[in-house]
Amino acid sequence: MTTDPRSFNAPLTLATARRLVELTNPEPESTALDVGCGRGELLALWLEAGGGSVHGVDPLASETDLARQRLTPFRGRAHVHTSNYDVAVLPANFDVAFCIGATHAFGGAGVAFRAALEGLRERVRPGGRVLVGEGYWKQSPDPAYLAATGMSASDLVSHAENHAVGEALGLRTLYVTAATQSEWDDFEAGSGLAAERKLDADPDDPDLQRSIEQRRAWRRSYLTWGRDTFGFGYYLFEVPA
């Protein structure tokens, strides 16, 4: 099986995704939740690795439609909800909870990572696992980079500070890693190429043209500042018994 890295909407290769999934110990009777599931790729990998059943939540119908297609082989074991991240309607006591690049579901900039860990912990049984993917600053962001992207220096903290948040909440660290530069480059380049292909297919669409210009501006800022400034970490914690 081949997988488009953009299916994860994060700088994540298929090999890295599979390694992270294996570290959550998928078993036939276990259950998983993915907040911001997108196209359902991570849940599909988890089920393929031996997991039991899954729930995915995402507010975009265009994404959840694709997720349902991706999870068709697991009919009866996979449940996808088109919802504004409302996990309250879902069962509690999951064995595993994922949130990759969607911590904004739990709070605004600067507090989202902590809020995501707190929210996911509430949905996971004691001894269960929480895997969160979140951005971090590799170095203090250049003011020009912030101006170009609309970001704020307070939006993110360092990789070490992200990890420390989990430990301060009493979670047990199992595994911490970060996207490689190659993973970031592939993700950014692939996103840009997909956008350009959409424009090729419909060059007269003014809304698409504006979207492409924004994408091109983001690419320029990424190449100028972002490669050295913006990192992405993966943090796997265990909920204490």
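Points to keep in mind about this one:
- Considering the stretch 22-36, and only residues there that are touching a helix residue (DSSP H, G or I) at 6+ places or on another chain (Cβ under 6 Å) and assigned to a loop (DSSP other than H, G, I, E, B), the residue that is modelled with the highest pLDDT turns out to be PRO26.
- Selection from the stretch 114-166 of residues that are closer than 20 Å to ALA17 by Cα and either charged (D, E, K, R) or surrounded by fewer than 16 Cβ atoms within 10 Å (Cβ to Cβ) (or both): ARG129, GLU134
- Checking ALA153, ALA195 one by one, the residue that is hydrophobic (A, V, I, L, M, F, W, C) and not assigned by TED's automatic domain parsing to the domain that holds THR103 is ALA195 and no other.
- VAL54 fulfils the conditions (1) at pLDDT below 95; (2) in a strand (DSSP E or B) except for a single criterion, (1).
- Within the stretch 186-227, the set of residues being closer than 28 Å to VAL21 by Cα and modelled with pLDDT of 95 or more comprises GLY226, ARG227.
- Those residues of the stretch 171-198 which are farther than 29 Å from GLU161 by Cα and surrounded by fewer than 16 Cβ atoms within 10 Å (Cβ to Cβ), in sequence order: GLY190, LEU193, ALA194, GLU196, ARG197, LYS198
- Exclusive hit being hydroxyl-bearing (Ser, Thr, Tyr) and touching a helix residue (DSSP H, G or I) at 6+ places or on another chain (Cβ under 6 Å), set THR64, THR13: THR13
- Qualifying residues in the stretch 37-51 (those that are assigned to a helix (DSSP H, G or I) and within 13 Å of the chain's Cα centre (by Cα)) - the one nearest to ASP95 (Cα to Cα): LEU43
- Qualifying residue in the stretch 61-78 (condition: in a strand (DSSP E or B), on the phi < 0 side of the Ramachandran plot and in contact with a Ser or Thr (Cβ under 6 Å, 6 or more places away or on another chain)): no
- Residue within the stretch 92-113 that is surrounded by fewer than 19 Cβ atoms within 10 Å (Cβ to Cβ) and closer than 23 Å to ARG18 by Cβ present: yes
The values are calculated or read from the model by the stated rules, or taken from the named source; none is laboratory data. As the structure is a prediction and not an experimental result, all values here were calculated from the model. For neighbour counting, all protein chains shown are included, and Cβ atoms are generated from backbone atoms with ideal geometry for every residue, glycine included.
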